[in-house]
Every structure is written in structure tokens, then in C-alpha cells.
Amino acid sequence: MRWRTALFAGLLALMIPVAAGGAEEGGSVSARDWEQYKARFLDAGGRIIDDGNGNVSHSEGQGYGLLLAVLAENPADFALIWSFTRRELLLRDDGLAAWKWSPTETPHVVDINNATDGDILIAYALVLAGERWQREDYLQAAARIAKAVLDRAVLDHGGQTLLMPGVSGFGTADRPDGPVVNPSYWIFEAFPALDRVAPSPRWKELSDTGLWLLGAAQMGSRKLPADWVSLRTTPKPAQGFPAEFGYNALRVPLYLVRADMGDRDLMARLRKGIAGSDDALILSDAAGAVQTSLMDPGYRFVNHILACVLDRVPIPDSVKVFSPTLYYPSTLHLLGLSYVKEKRPECL
Amino acid sequence: MKSSIVAIAAVMTTAIGVAGLTDGGFLRQDDKKFNSLSAANQEASVAVGSVADKGGRSSAAHFTEVAQAEKPSEEGASQAKPEPVVDESALRYFAAKGDTARLQAEISRLRSLYPDWVPPADPLAVPRNTDVALETMWRLYSEGRYAEVRKAIAERQAKEAAWQPPSDLLERLNVAEARARLVNASELKQYETVISIAASTPSLLTCSEVDVLWHVANAFAQTKRPERARDAYLYVLKSCENAPERLATVQKAAAVLPYATLQDLLALERTTPEGVPEFESIRDDLARRFVAEGDEDKALAVDPRYVQRVETLAETGGAASDALLLGWYQLRRDNMSAAEQWFRRAHDKEDSASASQGLALTLIARNAPAEAEAVLYPWRASSPDALATYFAATANLLAIDPPVALDAAVLARIAQETTKGRDAATAQQFGWYARALNQPATAALWFATALRWKPDDEPSAYGLALSRDQLGDKDGVVEIQRLWSGRSERIARLGEVKDKLEEVNRTQVPTAEAQAYTPPQSSTRATAVAEVVEQPVTRRPRTGGTAQKAVRSGAGCRTTINPAGLAPQAALARGWCLMDLNRPLEAAEAFEVALQAAASQIREDAAYGQSLAYLRAGLTNKAAVSATKSTQTRGRVDELQTAILADRAIAAFDAKRYREAILFLDQLGQISTRRQDLMVLRGYSYMNLKYYAEARRIFEALAATGNRDAMQGLAAVEASQEIWPNKN
């Protein structure tokens, strides 16, 4: 049911692109916020820089950059980031993007493997841009990536449709505990958009599996999903990765909220598991013990967006105003602000 | 030149030949290009639209025109064309920058696009672009900042809804981005992406972008499309003039294309104004490269001029590497004497693993394994292949029949290497060697060692059983028989009738190996071997050809493989090789594969071989079946029938079915001259049936010829008769 609602909303957005932009003039990411973001994380050549990670770039960052450019209604920056992304990353024979790019290495692509969340973000942003600005070329590029995701990164396993984190290395034959998935690679809001350019029942199935996974993968007393989950038998933390609710999984509530997915119980469970007493976002281990208390406004915003959606708690001033810190939390911050501005203005 | 550009694009996308192109072909291609232009090009369609509006030409139009120029009889001239609007903004930009090289290139480009266009008299004096924003776009473009051009275009379009970028700029931007992307994909070995970009961007495939052509050619070669790769390289040699680039093209092609294909390229060699062939400077390297390819491929017929060229290099330059190339080249062609000469030259000039290994192989081939062992010993650890060759040398050395005297130090080091390398085959050979020197205890040790490394090694198990039997270790024999129960007839049968042991062996092995297990008395070498208590020695007579070949190839048939994938001829060779190694059951499998041959001669040989293999394995009934699988010559039929009937007779005798044994022996008598050993068997059969008169007659006749078994038989008959009444 939720799926249909989301799809319908998407169609509406397609028909009246400007109306979807939000209350004030411009996009749901304000021009001011976008200027601040790109001054810090976007270089002149169209590269989104992960300054928390040795200034490398990756398909995920390019995908976020493209998405934020759409949300900021900035076709010029979108063209800039897309040109770099296509030329430097979208090189794989199978049509997916190489995931990691380093400014100091030659060739710059240091790992030709893909990261499926990066592919999905890029394709999703291309769909939105193509629809919003009537760019057939963007839609075609999106369709090609979406089809490649279906062909290469979707696995049937135990009657379920799984989103593989990468084309290679995570499957049943690749690891003793395979298949291994990453719940935060389910970018729920993207699936209806990808279905529009590459129609397939798989997108709906993927969405369903993602929700099932969040219900089934509950770790420790906090009942949170691990970053990496083995689905060999019953869901459990994958071998070779820290068994923790960490920097990957902390995006999960944000993605759910942005897609208008997930029931109240799930949201409440996640909120309870991640919210620290001092407004921090808590990363925890398999037993539920606190590993890190994250204070960056971008991270804390995840707590506040849940509070807003569940209880209409107003977003506090301390996180209402965007000020860039590091690439990752700042990206999440803008995605969160964009959602609240567009869908929950009452919390602002 | 342009037509060739189109040609190569067509070759890539449609695989039709250069000559087979038609206008329709071009148009189809261009249609494909613009309709399917997947690569995200709204810009491209905009370009087509705006060009059409202005009555100008897209690149599609340009290819069509080129095609028409090639074929003027078509509609080309008669059409009334609107006057084209020539976009001179790039010209103005380059002029303003004083970039004369790019300026000239742009003039040439516009001329080829618009034949009626008259370039400005003084290009440097053309007015600057008055459009500052467009000027900026050209500047970014010329600096290779393509993403920023995209951004600038989008920014301007956001401000001025009606503004369209010049089609020339868009076209160039598309091509430049495609070029950069193609090079990136090539560096990351994403060859399908390389080919797909090239196919949708034919304007990249020109002499002025020769490195792109190299990337595309390489992508074809790396994706197993050598013909297409050749076409791309051929295009350069046919169309492009730059001498260093032509030379580099041949060098690059030589790295990825096979010999025969490369000859097509070399046929396009030109002569320089100085009268020198243009590829002369790399001819030596090409010759080396070709001979090296001949090293890998025995069937490759390299032009003798190239071989001679390398010979001259080896003789004059004296580089060991050139002599080595020739050594391997000749070795692959079984020119052992020439190969030995070149390997020796390389070995003497600069000893190396390769030189020593090659020399050792030639020495093994001409039956000089002792020298082979000595040459290769220092290099044995240099590679798995060298070690395999070393073990081939030692195996051959130890297998010489009759055994040769070996220095104790040499035996010791061979033993040490065998132990270190855990080479079961050589350990087995040590076992036979020790048996040959009448050292059953040492032999047993080696056979047991071989079995530890290769538990399914039936010959070693058999050797171990024989050695234990010789040592009087009955329990030990029984243990082996239990372990090999159902897997080896000859082991099962061993010691059943002690008196008949020699005979059984002889009958089971109707080939030259008949005397294999008769321990030769060789006291002179006993001392040397006795010191090699933990070491190996081989003894196994070889029948010659097949075994030598097997060894020469480095691996032969020692490796256990499934023969099902082999060609019949290869399976046949493997069968004989396995027979030489005394692995009859595996040999029978190989012969089974060879039985599938279309050629009757191979089938016949295979059936014969399989019969012999089953006979040696003690599987007489299977041998009889195999013998019928193909027609055989009279001689072979008799040989097989003799062996089969003899085996059956012995089996019947062992089972105390003496009448049956006599029946088989009677049948045998009809096809074969009477063998003395089988006559002894007949005598014992009669005796056990209490036909003492018959038995005595046979034994007496035989004993008169000096046959010791017959004399014993006669004594036995007399004893039986003596005792019999008492027992009764």
C-alpha cells in the first residue's frame, strides 16, 4: 500500500515538477545551504570530496552530490558532477560505476568494483533530474544503470530478492557466510523512481525485502541492524566486519523517513536504539554497548527527524541551520533538512 | 582519409569489410548512432535539431557527404542545398589566442566539412568572439575542463531559456568527453566500454587521434577479436602518414597479434625517401618475437628469413638470449641436434635455468641422462618446470636397462631432491632400481614412500608387495592384498602359487617387461646403492619412442588426468606412455578414449593397447572384450589370444579347475607354438587330475631340453605316485 502511495506521489511529481519543489522559491535544499556544501565538498571539476577519508571520491559521494544538486534545483552543478561521474567512474563493462577514485593514484580509479548504493544513488538522481529538466539523456543513462543493477547486483536467495552490496565478493559462493548484505544500501525512495525508467517487479520485491530485513536483523538489547548482515541462515552480523550498528547503518532511519516507509513500531524501535541522552547519535556493538556518541549536527539530525515524524517534535535550532563539517554527516544533514522542509514543515 | 574513418567505424560496428560499404551503410550507421545514442546525450539531439534549423550539418550529414564524394553517381550533386552556416567561433577563439596549430587544424576541419567555405584571408585577424560567455566556454574546452563547460552551458541556459550552444562546441565536447572516457576505460581494462564508446563516436577514429585507434585495437585484441584488432592497425598503416606513429603501430600490434596476422600489417611497409624499409629499425626485434612465438607453437611455420636473422644475431651479437630462442624453436620441432647446439651455446655463454633446462631435454632425448642430470642439478629449483625436467632426467637415468653405475654422490643428491620434491614417480623408480640391485629392503622403503605421496599408485603397491614377498614378510604381503582388494588383480594373485610366481608374472606381462622383476645380480654397483638407503633409484625397461617423448615433454603421462577430454591420437599416445609407466588401468582408460577415433588404424591400435593393458592388470575377461573392439592384424590377434588364453589357463589352474585349464591350453595349442612355461602348467594340471602318465610324459620331454621347472615337475609326479598309495 505504501508502495502505491509513493509511486502515485512520484507520478504527481513528474507531472507538476515545480510544485514538488517545496514551500519557498528554489529547491528543498536552499541555495545558501547548497553553496556552503559545495564550497567545502565539490571541486571545480565536478568531484565530491570525502574529506573524512583522505579526500578520495566514490560513487556514493557522486550520487549524493547529484541528488543534492537536483534537490537544490541546480542543473548547472548537476551537469558538472554528472560529467565527472560518467567520465571517471562510469567505466565498467557491465554499465555500473567503479566505486573508488583517488586524486593521488594513477589510474585514479583504485578499485574497479562497484558499490551498489552508489549506483542506485546516481541512477536515482538522474531520474529526478531527467524528469525535472526534461533531459532524455539523463533518463536513458539512468535506465542503463538501473538495468545493470537488476542484472548484476540482485540475487534470488531463499525465495527473497536481495540487493547485493557489490557485483562480486558477497554472494553465496564468495564467502562462507554469504550472501552478505548491507541494510543501508536499501535506498527505499529510489526504487519507485528506478521502476519508472527500468520497469520491473524486482524493485517492489527489493523494497519488501529491505523492510523484512529491518524487522529480522535485530542485534542485541538495542534491537538494531548490523552494518553488514549475513543471510546464510537467520540474519546475523557478517564475518570479517565489526558486528556493530555503525556509520553505515545510521543512515537507515533517514532513508526510511525520506521514503515514507516503515511502520511506527519500527521507527520507534530505531529511535530508542540510537538516541543518546545528550542528543547524541549512539553507535553500538552487538551487545548494545555504546561504541561512540556522535555529536555532529548531521548525525544528530537523524534523531530529530525521527522525533519529528513520530511525535511532531520541533527540530531544535542547534541543528536547524546547516553548517558544513565533514562530507558524510553534512550530506546526511542536507538530506534530512530537505525532507523536513518539503514534507514536515511543521517541525521547523 | 575520411572514408577510411567511416570504414573502420563500420568494421567495428557491423563487421562488414572496408570494400563492402555503401551509402546506405553509412546512413544506417549514423541513424544508429543518433537514435540509440545512449550515452546520455540530450546535447546530441539538440545538436541535430539546431543544425537542421540552421541548415548546417551534423556529423551525420558529414558522413553522408563523404560517402557521396566517394560515389558521385548517386544523388549528391543534383540536390539543391541551402547555404550552410559555418560556425567560426572556434576559429575566432584559437585566432584570438594565437594558437596557430589549432587554428590550422580547425581551418582544415571546416574545409572538409564545407567544401564551399572560404577561410579568412588572414585568420589571425578575424574578429574576436564578442560573446564573452561563449569565449569562456571555448577557453574551458581548450583547457580540457569539459565538466566545467557542461556547467557553463547549463548555467547560461538557466538564465537565457532561448540560448543554444553552438553545435560545433557540443559536438567537440561530446567527442572530447568520449575520448577521455575511452582512455580511462582502456587503462582499467574495461574493453567492452572502450569498444562501445568508439562505436558511438566514429569521429574519434582518425589519424590525428592515433592513440585512440591503438586503444580500440588493443581492446579488440584483448577480447579475442584479433581480426578486428588487425583491421584497426591496418587502418593506421593504410591511412596515416606520421612515421613514428606507423612504427609504433607495428610495435603495438606485434605485442598482441599472432604471427600470421601480423604479416598482413608488415605487407604495408613503405620505403623511406632514403631507400630504407620503414620498419627496418625494429626488424631484429620482430624476428626475435616471431621465433619466440614459434617456441610456443610447434605448428607455426615462421618464415626462414626470420629464423636466419636471429641465427645471425646469435652468432654475431652472441647474446645468450638469442641462442636460447633458437634452441627452444628447434626443440619444439624435434630438431634435437640443432637445439642442443644452440642450448649449448647459450649455456656456455651465460648459464641460465632456461638454457640448462633446454640442454637437459635434448640430452635426455639422445639418451644422455647422466649429463642432463648434471647440467640441470644447479637449476632444479628455478621453476616447477625445471624440477619436472630434472626428475625426468633422473628417472631416465635410473631407468637405463641394464642399470648403469652411478656415483654415490649423484645417487645421494637425486635421493635428496626426490624426498624434498615428494616425487612419487621417482620414488617408485628408486624402488625398481633397488630391486634390480637385489636390495629388497631398500626397494620396499622406496615403494612405501611413493605410496605415501601417491596412495593410488598401483605399481608402487605391487613393487612393495613383491619386495615384501622377497623378504619373506607374508603378513606384509597380505596387508597390501587386503588394501588393494578388488583394485589390482596382480597384487591379489601374488604369492598364491609361489612356485608359479615367475610364470604368472611372465604371462601377465607379454611385452618386453617380461623379465622386469628378475633381480639382476650386479655386485659391482651394490655398494653404491647400499649407501642410498633412504634414496631412490629406478629400474624400468622402456620400449623407446613413447617413453622418450613423454619425458621430453616434461610432464608426459605422469600426471593423473581424466583422458576423456583428449583427442583420440593424444589418448592413444597417453595409453602407451602409461603402459611404459606400468599403469595399465589408467592406460586402459586412455585407450578407451582412443577407441572413439574415426581412423581405423587408431581404433585398431587402441583395441590392441587396451587388451594388453587389461592383460597386464590381470583382467583377462576385459582383455578379451577389448580384443574384439576393432579388427586386428593376424599377428596381433594371435598375440592377444595367446595371452588371453594363457591367463585364463593360469586362472583356472589357480582355482584348481584343472580340466578347464587343459581346455584353454588345448585352444592355445591351435594358434600358438607351445610355450615351455605353459607346458609345465599342463603337466601340473594333469598331475593334479591324477593323470600321472600324461604328466610324466610332458615333464620328461621338457626336462630333456634342460627345463628346470619340468625337472621339478617330474620329481613331483614321482613323489605323488610314491605317496599316493600310502595315503590311499
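Only the coordinates and a few stated rules stand behind these numbers; no lab work does. Since the model is a prediction, treat every value here as computed from it, not as a measurement. For neighbour counting, all protein chains shown are included, and Cβ atoms are generated from backbone atoms with ideal geometry for every residue, glycine included.
By the rule of a C-alpha distance below 15 Å, with chain neighbours fewer than 8 residues away ignored, the aspartates and glutamates paired with residue A:343 are A:24, A:189, A:260, A:311. Annotation: extensible slack from residue B:697 through residue B:657 equals 12.3 nm (criterion: 0.36 nm per residue apart, minus Cα-Cα distance).
Taking each residue in A:90-101, count the Cβ atoms of any other chain within 10 Å of its Cβ, then average. What number comes out?
On the way: counts 6, 12, 5, 11, 3, 4, 0, 0, 4, 0, 0, 0.
Average neighbour count from other chains, rounded to a whole number: 4.
What ranking do B:311, A:342 get, fewest neighbouring Cβ atoms within 10 angstrom at the top? Please list the in-between numbers first.
Values: B:311 20, A:342 17.
Lowest to highest Cβ neighbour count: A:342, B:311.
Label sites at residue B:670 and residue B:125, each approximated as a point 7 angstrom past Cα along Cα to Cβ, lie 11.8 nm apart.
For the residue pairs A:38/A:341; A:38/A:320; A:38/B:97; A:100/A:236, the alpha carbons lie more than 22 Å apart in A:38/B:97; A:100/A:236. A straight Cα-to-Cα reach below 13 Å connects residue B:629 with the aspartates and glutamates B:592, B:604, B:605, residues fewer than 8 places away in its own chain not being considered.
Which aspartates and glutamates does residue A:223 reach when only Cα atoms under 13 Å apart count, and residues fewer than 8 places away in its own chain are ignored? Of all the aspartates and glutamates, those that pass the test against residue A:223 - Cα under 13 Å, at least 8 places apart if same chain - are A:244, A:265, A:285.
Computed per residue of chain A from DSSP H runs no shorter than four, each worth -39500 (n - 2.57), the mean residue ellipticity at 222 nm is -15000 deg cm²/dmol.
Would you please name the GluC sites (Glu not before Pro) within segment B:205-248 that are DSSP coil residues with at most 13 other C-beta atoms within 10 Å of their C-beta? Provide the component values of the computation, followed by the final result.
Values: sites: B:209, B:227, B:241, B:245; in loops: B:241.
In loop regions of segment B:205-248 (DSSP not H, G, I, E or B), the sparsely surrounded GluC sites (Glu not before Pro) are B:241.
Between residue B:420 and residue B:175, what FRET efficiency comes out of the Förster formula 1/(1 + (r/R0)^6) with R0 = 60 Å and r the beta carbon distance, rounded to 0.05?
Values: r = 62 Å, r/R0 = 1.03.
Between residue B:175 and residue B:420 the formula returns 0.45.
For an R0 of 25 angstrom, estimate the FRET efficiency from the Cβ-Cβ distance between residue B:351 and residue B:247 and round to the nearest 0.05. It would help to have the intermediate numbers written out before the result.
On the way: r = 35 Å, r/R0 = 1.42.
Taking R0 as 25 Å, the efficiency between residue B:351 and residue B:247 is 0.10.
Note on residue B:598 and residue B:85: the extension gain reaches 177.5 nm, defined as 0.36 nm multiplied by sequence separation minus the Cα-Cα distance.
If you plug the beta carbon distance of residue A:40 and residue A:233 into 1/(1 + (r/R0)^6) with R0 = 45 Å, you get a FRET efficiency near 0.55. With the simple model of a label 7 Å out from the Cα in the direction of the Cβ, residue B:187 to residue A:160 spans 4.1 nm. Extension gain, residue B:631-residue B:475: 0.36 nm per intervening residue step, less the Cα-Cα distance, totals 51.7 nm.
Magnitude of the charge dipole for segment A:184-252, about its Cα centre and with charges confined to Cβ atoms of Lys, Arg (+1) and Asp, Glu (-1), is about 120 debye. Shielding by partners for peptide A:71-84, expressed as the average number of C-beta atoms from other protein chains within 10 Å of each residue's C-beta, is 5. When only the Cβ of Lys, Arg, Asp and Glu is charged (+1, +1, -1, -1), the dipole of segment B:347-419 relative to its Cα centre reaches about 80 debye.
My understanding is that a pair violates if its Cα-Cα distance is over 20 Å; which of B:252/B:349; B:656/B:690; B:151/B:189; B:420/B:454 do that in this structure? Display every interim value, and only then the final one.
Values: B:252/B:349 31 Å; B:656/B:690 13 Å; B:151/B:189 29 Å; B:420/B:454 15 Å.
Checking Cα-Cα distances, B:252/B:349; B:151/B:189 exceed 20 Å.
Distance between the modelled labels on residue A:241 and residue B:136, one decimal in nanometres: 4.4 nm (7 Å Cα→Cβ projection).
Can you classify chain A as rounded, prolate or oblate using the Cα gyration tensor, where a ≥ b ≥ c are the square roots of its eigenvalues, rounded means a/c under 1.5, and otherwise it's prolate if a/b beats b/c and oblate if not? It comes out rounded by the Cα gyration axes. Using Cα centres only, tell me the gap between segment B:394-430 and segment B:87-153 in whole Å. Taking the Cα centre of segment B:87-153 as reference, the centre of segment B:394-430 is 79 Å away.
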